[in-house]
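Since the structure comes first, as C-alpha cells, the remarks are kept for the end.
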Amino acid sequence: MARVSQQHLDARRRQILDGATRCFTRNGFHATSMHDVLREVDLSAGAVYRYFSGKEELIGAIVNEVLDGIRDAFEEAALQGPPEPPDVLIGQVMGRVLAGEFVPGAAGPSGISRLIVQVWGETLRNESLATAMRTGYDKMHGAWIKVVEAYQAAGLMRADIPPEHVARTMIAVAQGFAAQQALFGEVPVVVVQNGLRGLMSMGEQKAG
C-alpha cells in the first residue's frame, strides 16, 4: 500500500481544523457535536479520528492556534524598529488578526472575534489552556514593554510611567476591540486607530 505523504496528512488535518472552526464559530464549542464536524468536512469518522481523538482535542488545537497566532502578531509588531506609534501598531496587529491570517477557518472579522471570545471562555474551565494563555500573554506583554521603553528612550512618551502598565493597556485596547467586534458587529480597524489618535492628541491640544 502506497505511503501517504506528510503534505497530504497536513492538508487533511488543516481541512478538519478549518471545518471544525467554522462549526465552532457558528454554534460555539459546546453546542457543536462531532457529527456536526463530520458533516462539515465531509469525511468519515475514521478519517477524522485518525487526527483527533474527539471534540476536546479539536477545541484544544484550535485554541492553541488562535493564541499562537495572536501572540505572533503582537511580537512581530513589537520587533519593528523604530516602533510605530500605538495607533499604527495596534491597527497592524488587529488588521492581521481580523483578516483571518491566523485563523483561516473563521468567516470574516466578526467570526474571528467570536472565536477569540470563545477561546477566552474556554481557558476559564481548562487549566492547560489557561496556562497556554498566561504564557502567551506574558510573551506579548514582554514584547510590548520593549516598545514602550523605545518610546520613552526616544522622548516620545513620559518616562515616569511604568512601561509594563502602558504595555498592558495597549494589549487591553486590542482585546477590547476584538470583544466589541464579537458583541456588536464588525467595525473597521480605522475606528480604534482614530480613537487612539484622538486620545494621543490631548496633550497637543493643551499645548496649542
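The values are calculated or read from the model by the stated rules, or taken from the named source; none is laboratory data. Keep in mind the model is a prediction, meaning the values are calculated, not measured. In this analysis, Cβ positions are derived from the backbone assuming ideal geometry, glycine residues included, and neighbour counts consider all displayed protein chains. Heavy atoms of the whole protein, side chains included, go into the accessibility calculation; ligands, DNA and RNA do not. Shrake-Rupley method; radii C 1.70, N 1.55, O 1.52, S 1.80 Å.
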Restricting region 97-130 to residues that are open to solvent by 40 Å² or more (accessible area, probe 1.4 Å) and aliphatic (A, V, I, L, M), which is nearest to E76 (Cα to Cα)? A99
Within region 149-167, residues being closer than 13 Å to I90 by Cβ and at pLDDT below 95 number 1
Restricting to region 129-149, name every residue that is β-branched (V, I, T) and free of Cβ contacts under 8 Å to residues at least 12 places away in the same chain. T131, T135
So, first residue closer than 14 Å to E84 by Cα and part of a helix (DSSP H, G or I) in region 150-177, second residue open to solvent by 60 Å² or more (accessible area, probe 1.4 Å) and of a type in the set (A, V, I, L, M, F, W, C), Cβ within less than 7 Å, six or more apart or across chains; the pairs are Q152/A159
Any chance A182 is within 21 Å of G60 (Cα to Cα), aliphatic (A, V, I, L, M), open to solvent by less than 30 Å² (accessible area, probe 1.4 Å) and not in a helix (DSSP H, G or I): no
Looking only at residues that are more than 20 Å from the chain's Cα centre (by Cα) and of a type in the set (K, R) in region 1-34, which one is most open to solvent (accessible area, probe 1.4 Å)? R3
For region 185-208, give me each residue that is in a helix (DSSP H, G or I) and open to solvent by less than 60 Å² (accessible area, probe 1.4 Å). V189, V192, Q193, G195, L196, G198, G203
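Being of a type outside the set (G, A, S), open to solvent by 50 Å² or more (accessible area, probe 1.4 Å) and assigned to a helix (DSSP H, G or I) is the requirement here; does V93 meet it?
Criteria not met by V93.
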Just wondering, is there one or more residues in region 75-83 that are touching a helix residue (DSSP H, G or I) at 6+ places or on another chain (Cβ under 8 Å), surrounded by fewer than 16 Cβ atoms within 10 Å (Cβ to Cβ) and more than 16 Å from M140 (Cα to Cα)? yes
Limited to region 157-175, what total is found for residues that are more than 29 Å from G69 (Cα to Cα) and open to solvent by 80 Å² or more (accessible area, probe 1.4 Å)? 3
For region 40-49 the number of residues that are free of Cβ contacts under 8 Å to residues at least 24 places away in the same chain and surrounded by 14 or more Cβ atoms within 10 Å (Cβ to Cβ) is 2
If you go through V63, V37, the only one that is touching a residue at least 24 places away in the same chain (Cβ under 8 Å) and open to solvent by less than 10 Å² (accessible area, probe 1.4 Å) is V63
